[in-house]
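Everything below concerns the one structure shown next.
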Amino acid sequence: MKKLILAAAVFAVSTGIAGAQTIRMGTEGAYPPYNFVNDNGEVDGFERELGDELCKRAGLTCEWVTNEWDSIIPNLVSGNYDTIMAGMSITPERDQVIDFTQEYIPGSPSAYVALSDNVDLKGGVITAQTSTIQASYVADSGATLVEFATADETIAAVRNGEADAVLADKDFLAPIVAESNGELKFVGDDVIIGGGVGMGLRESDSELKAKFNEAISSVKADGTLNAMIKKWFGDDAATF
Amino acid sequence: MFSYCSDPHTLEGARWLSCYLTTGKQMAFYASFATVLALLLVTAPVALLFGFGGAMAARSHFLPLRWFGRGYSAIVRGVPDIAFFLFFVIALDQGLEYIRHKIKCPDWDQPIRQGNDFVVCPQAKLPLSSSPQWVHEVYGFSLAVVTFAIVFGAFAANVLYGAMRAVPRAQIETAEAYGMTRRQTFWRILVPQMWIYALPGLSNLWMILIKATPLLFLLGIEDIVYWARELGGMKTSAFAYPHPDWRLWYFLALMVFYLTLTRVSEVFLGRLAARLTHGQATIGGERLRTAAR
């Protein structure tokens, strides 16, 4: 009984602290339209808008910080920020190190983009961003994988001929292809890799995870999430 | 910034460019130049202090201190910078949080290491997660200064150790003949004369330090190279100012900046060398003496 009271007291104290605490939201800030740093130097994009809405519904004060994609999980785990919203697909490998909320973007296709149609996707040189599901897919496909730290550099590598094609999320590539004046084009079939995109949290942060799960359920239920997906990824994007 | 910038899509030519170059993001880029310069100006003296301490320790007659001094420069010089920056900074940060955790939350019942996670009580966080972003940035900057100072201090320790041994024995012998103690000899004879021997090595270190600042990004500080890559990257119409890949221009600007900085440093170091040579028992000092006659 004594233990129970103690546990309840500790819980009350810790929730009291959590209420006053600022949640630091980590993102990459270099993957439009998911997340990017806009011209005012602020984090912007689909995940910014969604994240702010989720924080509002969960009653949390949130602040955005950017971190390089490559070290985004180690910095979460060591406590530099509390969540990751960076277009990160939920995969079993990542799930071993961190926890994910339920998905807030349904599993969406990845696609190849190249300068011309006759590209050997199975044996050529394919580029992808480091530590992404696309990179491991290319490595398994038999093609030669060239990795870059940012998604922007993968596009540049295709443009200057360093790589034959790039594999990335179709939602990321679509505006780039559309605005390239026909220089870049989608080649081959879309590929479905991995599940949806979720918010990453420390495994020990189950309380915060529950709060965000609840908030995501609520934006899913009243259609806010679908409207946001359509706003940022176009009317053809997969919704819930 | 300018009144006509409210609708960037309608602008063209010089007006578009003037608006583009004054956006908040560009301002952050300009400010990062100041960050880099500040880091250099703060780190250089601190590293020199570390180096001086290391060299003194390495010369000590007290055995453990000598081991410490020699070990410091041997170990730190041997570890690759990038590994040092990734490992040491996280260890330092977690070490500080661990100590604060032990002091501030004595009755916290959960383990600090939970699998991969490093969890301390919210009051022990450094900086507190509720503190504004600039506090986080200053903290990151301080960590960077300490780390740079330790790394470059190790190299400086070796340079200064060598310089101290290069001061002619005759000078020390004269001091001893005047009845100076070891301490007096060190501060009055050895230290004032060693700088001319240390300067070539130290100026090398300064040049390397200038170029090492992009390592800042590993510590989460947004330095000029980060912003050049970020701003130069192709921008789709999700941004107010879409443009193709302009990294070449941004990196050209960085090249001009770095070359200017090294040129200014060279001029300054040249003058310093001339001043330190004055009255020294070296060829350079002798040349100055005969020229003045």
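Would you mind checking which residues have amide H under 5 Å from A:CYS62's amide H? H placed 1.01 Å from N; only 5 or more apart, or other chain.
Under 5 Å from the amide H of A:CYS62: A:ILE23.
Could the peptides B:161-174, A:171-184, A:75-88 be put in order, highest first, of the mean number of other beta-carbon atoms found within 10 Å of their residues?
A:75-88, A:171-184, B:161-174
In nm, give the distance between the simple-model label positions of B:ALA91 and B:ALA166, each being 7 Å from the Cα along the Cα-to-Cβ direction.
If labels sit at B:ALA91 and B:ALA166, their model points lie 3.2 nm apart.
Under 16 Å between alpha carbons, and skipping anything fewer than 8 positions from B:LYS104 in its own chain: which lysines qualify?
Of all the lysines, those that pass the test against B:LYS104 - Cα under 16 Å, at least 8 places apart if same chain - are B:LYS125.
What list of ³J(HN,Hα) couplings, whole Hz, do you get for region A:195-207 from phi and the Karplus terms 6.51, -1.76, 1.60, once you set θ to phi - 60° and write x for glycine and proline?
Once θ is set to phi - 60°, the couplings for region A:195-207 become x, x, 9, x, 8, x, 9, 5, 4, 7, 9, 5, 5 Hz.
Could you derive backbone 3J(HN,Hα) for region A:94-101 from the dihedral phi with the Karplus parameters 6.51, -1.76 and 1.60 (θ = phi - 60°), listing whole Hz in sequence and x where the residue is Gly or Pro?
Each residue of region A:94-101 in turn: 5, 5, 6, 9, 10, 9, 10, 6 Hz.
Please give the Cα centre distance for region A:206-240 versus region B:154-225, rounded to the nearest Å.
Their Cα centres are 60 Å away from one another.
Determine the per residue accessible area of region A:110-191 with all protein chains present and a 1.4 angstrom probe, expressed in square angstrom.
40
So which of A:LYS185/A:LYS220; A:LYS56/B:LYS102; A:LYS122/A:LYS230; A:LYS170/A:LYS231; A:LYS231/B:LYS235; A:LYS56/A:LYS230 end up more than 23 Å apart, counting from Cα to Cα?
A:LYS185/A:LYS220; A:LYS56/B:LYS102; A:LYS122/A:LYS230
Pick from A:THR224, A:THR127, A:THR66: which is most flexible by mean-square fluctuation in a GNM of chain A where alpha carbon atoms under 10 Å apart are linked?
A:THR224
Calculate one ³J(HN,Hα) per residue across region B:249-265 by plugging θ = phi - 60° into the Karplus curve 6.51 cos²θ - 1.76 cosθ + 1.60, and present them in order as whole Hz with x for glycine and proline.
5, 5, 6, 4, 4, 4, 4, 4, 4, 5, 5, 4, 4, 5, 5, 4, 4
Quick one: which bits of region B:219-268 get at least 50 Å² less accessible when the partner protein chains are in, versus the chain alone, with a 1.4 Å probe?
Checking the loss per residue gives B:ARG229, B:MET234, B:THR236, B:PHE239, B:ARG247.
Determine the dipole magnitude for the protein assembly as shown: charges of +1 sit on the beta-carbon of Lys and Arg, -1 on that of Asp and Glu, nothing else is charged, the reference point is the Cα centre, and the result goes in debye to the nearest 20.
So the magnitude is around 3720 debye.
Please give the total accessible area that chains A and B bury against each other, computed with a 1.4 Å probe and expressed in Å² to the nearest 100.
2900
Keeping the other protein chains in place, figure out the carbon and sulfur percent of the accessible area of chain B, with a 1.4 Å probe.
67
Which parts of region A:186-220 would a label at A:SER116 reach, counting a residue when its backbone N lies under 20 Å from a point 7 Å out along Cα-to-Cβ?
Within reach of a label on A:SER116, which here means backbone N under 20 Å from a point 7 Å along Cα→Cβ, region A:186-220 contributes A:186-189.
Tally up the carbon and sulfur contribution to the accessible surface of region A:162-240 as a whole percent, 1.4 Å probe, everything protein left in place.
Answer for region A:162-240: carbon and sulfur cover 47 percent of the accessible area.
Mind listing the long-range amide H neighbours of A:ALA163? Cut-off is under 5 Å, sequence gap 5 or more, other chains count too, H placed in the peptide plane at 1.01 Å from N.
Distant-sequence amide H within range of A:ALA163: A:VAL158.
Distance between Cα centroids, region A:22-48 to region A:140-195: provide it in whole Å.
Taking the Cα centre of region A:140-195 as reference, the centre of region A:22-48 is 21 Å away.
So what's the back-of-envelope 222 nm ellipticity for the protein assembly as shown, counting only DSSP H runs of four-plus at -39500 (n - 2.57) apiece and dividing by all residues, rounded to 500?
-18500 deg cm²/dmol
Keeping all protein chains in the complex and leaving out DNA, RNA and ligands, what accessible area do you get for A:TRP232 with a 1.4 Å probe, in Å² to the nearest 10?
The value for A:TRP232 is about 60 Å².
Roll a 1.4 Å probe over the protein heavy atoms and report the accessible area of A:TRP64 in Å², nearest 10.
Counting only protein heavy atoms, A:TRP64 exposes about 30 Å² to solvent.
Which one of B:GLY179, B:GLY95, B:GLY153 has the biggest mean-square fluctuation once chain B is modelled by GNM with Cα springs under 10 Å?
Evaluated over chain B, the most mobile residue of the options is B:GLY179.
Does region A:110-191 come out rounded, prolate or oblate by the C-alpha gyration tensor, with a ≥ b ≥ c the root eigenvalues, rounded set by a/c under 1.5 and, if not, prolate when a/b is larger than b/c and oblate if not?
In terms of gyration-tensor shape, rounded.
The values are calculated or read from the model by the stated rules, or taken from the named source; none is laboratory data. Computed from a predicted model, the values in this text were never measured in an experiment. Reconstructed Cβ throughout: ideal geometry from the backbone, glycine too, with neighbour counts over all protein chains shown. Protein only, heavy atoms only, side chains kept; ligands, DNA and RNA dropped before computing areas. Shrake-Rupley method; radii C 1.70, N 1.55, O 1.52, S 1.80 Å.
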